[in-house]
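Colleague: Here you go, one structure.
The values are calculated or read from the model by the stated rules, or taken from the named source; none is laboratory data. Being a predicted model, the structure only gives us computed values, none of them experimental. No Cβ is skipped: glycine too gets one built from the backbone with ideal geometry, and neighbour counts run over all protein chains shown. Side chains included, ligands, DNA and RNA excluded: accessible areas come from the protein's heavy atoms. Shrake-Rupley method; radii C 1.70, N 1.55, O 1.52, S 1.80 Å.
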Amino acid sequence: MIMTASLDEALDRLRGAGGEIAGGGMPNHGPMAAEALVALGRGDVVARWAERYRTVLGTMPEASSAVTMASWRDALGAPLRFGDWAAFFRDQVAKKTWRTVLASWIGLLVPAMNSGGTHGLIRTAHALRALEDAETPLRIEELAVALAFWAAYYRAFPTPARLSGTLGFAEALARVPRLMRGRDRRGFPRDLAHVAGSDPDLAIAVDRAAPPESIERALGEITEAGARLYLANADRQPLVLLHIVTSAAALRLLLPHLSSDLRPVAFAGLWQAAAANAAMFSDEPARDGDDQGSFSEPEIIDRSVETEDPHAIKFAEACLREHRLRPRPVYLAAARDFAERARRARGWSEAERVAAGMEFP
């Protein structure tokens, strides 16, 4: 009950926030990081963390034009309609069970896994794990808002991945073309990744991967390869590349809530998003030998929590969870590396953070 109360207190303090940081366009990570803090066993700090983080967030836009069962297509993929979508899904979960609402809408959403830079997926997954722990009004409302974010920021790649090749996912990720090597990466990551989805060379690279015999095992391949890719490129684009790990780990949480026919669709979309981020934000392929060193889980948790950085918190939780399933030192090394970068960057100017790939202008 203590953990339940602490997360609900944090969610209450984050209520009414918009989908983005005030004035910046970066997604609101508050509910995701709050749930991750509790999963890391740090419910003792989550309410205070949420109160501080709430000060940097924008406000949920007022609902202005109702989303209805007849008109929802007009609002799909319209960030300015986030308030309308939130009102719609809050009404839906008030009238039906959250499981019914999820089952009715998730099939529409999973083909667009890159929506909001994969944060539609990630936020929904954290909300679902919280509901599995305890069904409370605040957690049900958070799921409604997470689905609203996914719908408002909906953006599917032009052509879905076919997964018609023979390569494993680590090798296929290593072979994606580095489309932005040596070039200016100005712009929001979610927009650049979507541009990559239209590149014919990337489409060929994506389809070189073989259909997974086990989606659960394939997600482990992607998170491990993502952690290695992060370490190989952390001096340039750490913030974007860690999302290869957190998004794949989020799909692992979502899988039990998907029907058997939706799981391959969701996985293909996740793989395509991971490949697009690698193509646009990595200059070097992953390599062995980047995971040396011994780091304890308590040390990683403490260092990540001390940063107060939502990405450090979420990345640590995802890496530790994947490490427990498939022990690999690279997960611990990657989580500790970003925590250290976030610690160093706390006193930096915006220009310094942008130059280090820790923020976007």
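Colleague: Answer yes or no: is there a residue in region 194-201 that is open to solvent by 50 Å² or more (accessible area, probe 1.4 Å) and under 19 Å from residue 168 (Cβ atoms).
Modeller: We begin by selecting, within region 194-201, every residue open to solvent by 50 Å² or more (accessible area, probe 1.4 Å); these are 195, 198, 200-201.
Subset that is under 19 Å from residue 168 (Cβ atoms): none.
No, region 194-201 contains no residue that is open to solvent by 50 Å² or more (accessible area, probe 1.4 Å) and under 19 Å from residue 168 (Cβ atoms).
Residues are listed down the side, and each one gets a yes or a no for (1) over 25 Å from residue 164 (Cβ atoms); (2) modelled with pLDDT under 95; (3) not charged (D, E, K, R):
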{"residue": "247", "(1), (2), (3)": "no, no, yes"}
{"residue": "302", "(1), (2), (3)": "yes, no, no"}
{"residue": "319", "(1), (2), (3)": "yes, no, yes"}
{"residue": "322", "(1), (2), (3)": "yes, no, no"}
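Colleague: Are any of the residues in region 51-65 crowded, with 20+ Cβ neighbours inside 10 Å, of a type in the set (D, E, K, R) and in contact (Cβ under 8 Å) with a residue 12 or more places away in the chain?
Modeller: The answer is no, given that none of the residues of region 51-65 is crowded, with 20+ Cβ neighbours inside 10 Å, of a type in the set (D, E, K, R) and in contact (Cβ under 8 Å) with a residue 12 or more places away in the chain.
Colleague: Of the residues 80, 37, which single one is aliphatic (A, V, I, L, M), crowded, with 22+ Cβ neighbours inside 10 Å and either within 22 Å of the chain's Cα centre (by Cα) or part of a helix (DSSP H, G or I) (or both)?
Modeller: Details: 80 fails: crowded, with 22+ Cβ neighbours inside 10 Å.
One residue alone meets the criteria, 37.
Colleague: Please state which one of 208, 181, 236 is in contact with a Leu (Cβ under 7 Å, 6 or more places away or on another chain), open to solvent by 50 Å² or more (accessible area, probe 1.4 Å) and either touching a residue at least 60 places away in the same chain (Cβ under 8 Å) or of a type outside the set (Val, Ile, Thr) (or both).
Modeller: Of 208, 181, 236, the one residue that is in contact with a Leu (Cβ under 7 Å, 6 or more places away or on another chain), open to solvent by 50 Å² or more (accessible area, probe 1.4 Å) and either touching a residue at least 60 places away in the same chain (Cβ under 8 Å) or of a type outside the set (Val, Ile, Thr) (or both) is 208.
Colleague: Using beta carbons and a limit of 6 Å, which pairs, at least six apart or on different chains, have the first residue in region 346-360 and surrounded by 12 or more Cβ atoms within 10 Å (Cβ to Cβ) and the second one of a type in the set (Lys, Arg) and modelled with pLDDT of 85 or more?
Modeller: So the pair list comes out as 357/236; 359/353.
Colleague: Only residues that are over 21 Å from residue 178 (Cα atoms) and in contact with a helix residue (DSSP H, G or I) (Cβ under 6 Å, 6 or more places away or on another chain): list them for region 219-239, please.
Modeller: The answer is 219, and nothing else.
Colleague: Among the residues of region 67-77 satisfying the criterion of being touching a Lys or Arg at 6+ places or on another chain (Cβ under 9 Å) and open to solvent by 30 Å² or more (accessible area, probe 1.4 Å), which is farthest from residue 120 (Cα to Cα)?
Modeller: The residue in question is 74.
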